[in-house]
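Computed from the coordinates by the stated procedures, all read-outs in this text should not be read as laboratory data. Everything numeric here is computed off the predicted structure, so don't read it as measured data. Glycine gets a Cβ as well: all are built from the backbone with ideal geometry, and neighbour counts include every protein chain shown.
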Amino acid sequence: MVVICYNLLILVTGILHLGYASLLVLSMYAAWFVLNATNNNLILGISAGIVSGIVIGTVTAPLFLPFIKRRAILEALVISLALGIISGDVMSHWFNLGLPIAFPSSLQMEGTTISWGLTIIRMGEVVTLVASIIIVFAFLYFLNRTKRGRILRAVAQDTEVARILGISVTKTAIFSFALAGLLGGLTAILFAMSTGTASSILGDSLVIKALAVLFLASIGNLRGGLICALILGVVESLAMGYLPGDWTNAIAFSVVVVILLFKPEGLFGEQH
Amino acid sequence: MTQFQFFFLEFSAIYILLAWAIYLPFRANQPYFGPFYSMCLGAYFATYTSISWGWPFWLTLIGAVVFCVLFSLIPAFKLAPLGGFPMLIATMALFFIVQTAARNMQVLGGRHGLFGIPPLPPFILLGITYGFVLIVGFCVYRLDNSHIGRALDAILFDKHVAATLGIDIARLSIQLQLISSAIGALAGVLYANTFCGVFHEAFGFPLILYGMTILIFGGMYTMWGIIIAAPVLWGVTQVLPEALKAFSIIIYGALLIVMLLIRPNGIIDRKMTKAMSGGARALLKRVVGS
């Protein structure tokens, strides 16, 4: 889901939003804050996560608009980096004394498990998986079958032609930020359900993995992204199991470097 | 000299060197983050060789620069034709690979860092650092005002036009990457000698933020803004009240965003340097004439 959001932002706005993952984690913090304040009211907590995702996405969009119009990719990237670092710092200073946060066990449905042979899966993980699949399919349906989705695809394909056809590129860019925010909010909740914790540095680790999958699969390739995410997940698990220390991020970044240097179009991309 | 004054002067100079290292490839629209990993590699190289092998300062410096140039040479040939997004992401990824390796390798001190370089007297270290600032500054100035500088301008304006004019963009990019890495390594060695050691946390996202803020705040397309931006930005966070010091990263980030939005060319841009050099020339003429 994170990779889908990155693809959406890159294709529609031309921006590689390095701070997006940190903003997503900020939504997790917003959900945690409301859960704490409302004595673990799940509906309010989940709503806070989703709404904060949309609000963060929409509020930060105007910062990028001048650069989207000028196609100043580098400046936009630096702004996104700054936003990510600011949100990381806000989380490490203003929430829970900078300590990692823990979500209530009721959100993860900890009491309920599904046993299958030797495998025991928590209900929270099953819900996360099912909800992720539903959200991805709903997003693909929206992208392919609705008028708004077709507008997004038109802008992603060719901004100039879309403009000539009467599509407002600025409005579409703001909409894509809001949509990425909505998906980010939903991802934040699903992340909280499956992991149960979050910390201010989670965003850094997420962005590393998202970039690895993005470049491995080639930008814009959703199906390739899914396969590459699975490959990267397996490689990381093996690294965690067999290598001493914490090399997972280095492995994800090595994948990025090797792909960019030797196959810049990605595994599933076409050579131009 | 107080410790604050020493650190202020030393770090201002180190960040000036680092920002010049980033500035050079940026002149040709090449977002190359090699100076960041070169700084990290240079610092670790100098610390390790000094502690484990007893190398003197000058040998560690030469060794670190050669090592970083060789390290940067490997990806340089592949990075040169890429440019833009891929170059930025690949070099950023290399930076984090180097940082992760430093954090996980016990021989480099792991999570605790590596300390124990024999300290240089503060005045000598400052003298060496500012000597390098003058040398590197002179070289960057000469490069800016040579046919290479004009070639970089042409690439910045339009790389296709530049290629049509016979400029070998890939070759120039490789050369810039190597020069940039050498300056980055130099900054790293001086950084390690200032602290008498090195610690992996010094090389993370905040370092990228500092470097980019200095470059963008000072002015991306001239070398002069950096000289003002580095001491101002480092100094501002040091003189903040204790309660606000913890928010220095937020202040840097906010400053970076505001500068990019309201004055994307930085505090000193090309127009300003031209006007200033024109004014200086007129003043000189008047003085000589009278």
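Between B:Leu120 and B:Phe77, the simple label model (points 7 Å from Cα in the Cβ direction) yields a spacing of 3.5 nm. The slack in the chain from A:Asn40 to A:Ser106, taken as 0.36 nm per residue of separation less the alpha-carbon distance, amounts to 22.9 nm.
Sorting the segments A:143-152, A:45-54, A:227-236 by their residues' average number of neighbouring beta-carbon atoms within 10 angstrom, most packed first, yields A:45-54, A:227-236, A:143-152. Average projection, convex hull of the Cα set of the protein assembly as shown: 30.5 square nanometres.
Neighbour counting of Cβ atoms within 10 Å sorts the residues B:Arg27, B:Arg150, fewest neighbours leading, into B:Arg150, B:Arg27. Mean separation of Cα pairs under 8 Å and 6 or more residues apart, divided by the residue count, gives chain B a relative contact order of 32 percent. Here's the list of lysines a cross-link from A:Lys263 could span, going by alpha-carbon distance under 28 Å and ignoring same-chain residues fewer than 8 apart: A:Lys209, B:Lys78, B:Lys159. Per the Kirkwood formula applied to alpha carbons, region A:98-215 shows a radius of gyration over Rh ratio, Rg over Rh, of 1.09.
Normalised by the number of residues in chain A, the mean separation of alpha-carbon contacts (under 8 Å, six or more apart) gives a relative contact order of 29 percent.
Angle, helix B:205-218 long axis vs. longest principal axis of chain B, Cα atoms, 0 to 90°, nearest 10? For B:205-218 against chain B, the angle is about 20 degrees. With contacts taken as Cα pairs under 8 Å at a separation of at least 6 residues, region A:1-85 carries a relative contact order of 40 percent. Report the far tail of the P(r) of chain A, meaning the percent of Cα-Cα pairs longer than 27 Å. Tail of P(r) above 27 Å: 40 percent of Cα pairs.
Cβ crowding within 10 Å ranks B:Ile124, B:Ile179 as B:Ile124, B:Ile179, fewest other Cβ atoms first. Partner shielding of B:201-210 amounts to 3, given as the average count of beta-carbon atoms from other chains within 10 Å of each residue beta-carbon.
Sorted into 10 angstrom bins from 0, the C-alpha pair distances of chain B split as 6, 27, 35, 22, 8, 2, 0 percent. Taking a span of 24 Å or more along the helix axis (Cα atoms) and a mean Kyte-Doolittle hydropathy of at least 1.0 as the rule, the DSSP H helices of chain A that qualify are A:20-37, A:42-70, A:73-94, A:123-145, A:169-195, A:222-242.
What angle do you read, to the nearest 10 degrees and between 0 and 90, between the alpha-carbon axis of helix B:57-82 and the longest principal axis of chain B? So the helix axis and the longest Cα principal axis differ by about 60 degrees. Report, in whole Å, the centroid distance computed from the Cα atoms of region A:184-218 and region B:59-75. Taking the Cα centre of each part, region A:184-218 and region B:59-75 sit 35 Å apart. Legend: mean number of C-beta atoms from other chains within 10 angstrom of residue C-beta atoms, peptide A:255-266, equals 5. Summed over qualifying helices (DSSP H, 4 residues or more, each -39500 (n - 2.57)) and divided by its residue number, chain B shows a 222 nm mean residue ellipticity of -26500 deg cm²/dmol. So for region B:137-290, what percent of the C-alpha to C-alpha distances run longer than 29 Å? Result: 33 percent of Cα pairs exceed 29 Å. Here region B:259-290 and region A:88-152 have alpha carbon centers that stand 56 Å from each other. Taking the C-alpha atoms only, the angle from helix B:122-144 to the longest principal axis of chain B is near 30 degrees. Partner shielding of B:254-261 amounts to 5, given as the average count of beta-carbon atoms from other chains within 10 Å of each residue beta-carbon. Highest mean packing comes first when the peptides B:182-189, A:202-209 are listed by Cβ atoms within 10 Å, giving B:182-189, A:202-209.
Among A:111-117, B:10-16, the peptide with the highest mean count of other Cβ atoms within 10 Å heads the list, and the full ranking is B:10-16, A:111-117.
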